[in-house]
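Inspection log for the structure reproduced underneath, given as structure tokens.
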Amino acid sequence: MKQDGDYTPETEVHDDLSYKQTPWASARQRQGLDSEALVQLRVNLNESFGLASNWPSLRQLLRQKGFDMRPRAGRLRLVDLQSQVEICTFGKLGHPRLELERRFGSLPNAH
């Protein structure tokens, strides 16, 4: 049991993940994110997109933050690792698939 001094934002996130609930899982019910959540997600992931030098490094950086990528219907989609909810396309994050393919080459199988 946690004592008052044990609380950190990380423990709250960990507790949510243990029940497979994340802030991004709500994208399933709403069929997408509201603009405020999308901005928060862009800010959180922008550095990962900037640091990545190839597809494997991008995937690793995303996974370290609790996300993955999944190609579907010609688009690259951001997926919450815990809930497996497809949150949005990479284009909505400001990094369209075609732009990333120009940087990294053709997309290998992401599964």
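The values are calculated or read from the model by the stated rules, or taken from the named source; none is laboratory data. None of the values given here were measured: they were computed from a predicted structure. Methodologically, a virtual Cβ is constructed for each residue, glycine included, from the backbone with ideal geometry; neighbour enumeration extends over all protein chains shown.
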Do you know which residues across the stretch 76-111 are basic (Lys, Arg) and out of contact with any helix residue (DSSP H, G or I) (no Cβ under 8 Å at 6 or more places or on another chain)? 77, 102, 103
If you go through the stretch 42-59 one residue at a time, do you hit one that is in contact with a helix residue (DSSP H, G or I) (Cβ under 7 Å, 6 or more places away or on another chain), free of Cβ contacts under 8 Å to residues at least 40 places away in the same chain, hydrophobic (A, V, I, L, M, F, W, C) and buried (at least 16 other Cβ atoms within 10 Å of the Cβ)? no
What's the number of the condition residue 60 fails, among (1) at pLDDT 95 or above; (2) not small (Gly, Ala, Ser); (3) not in a helix (DSSP H, G or I)? (3)
Test: residue in the stretch 64-76 that is in a strand (DSSP E or B), among the basic types (Lys, Arg) and without any contact (Cβ under 8 Å) to a residue 40 or more places away in the chain: yes
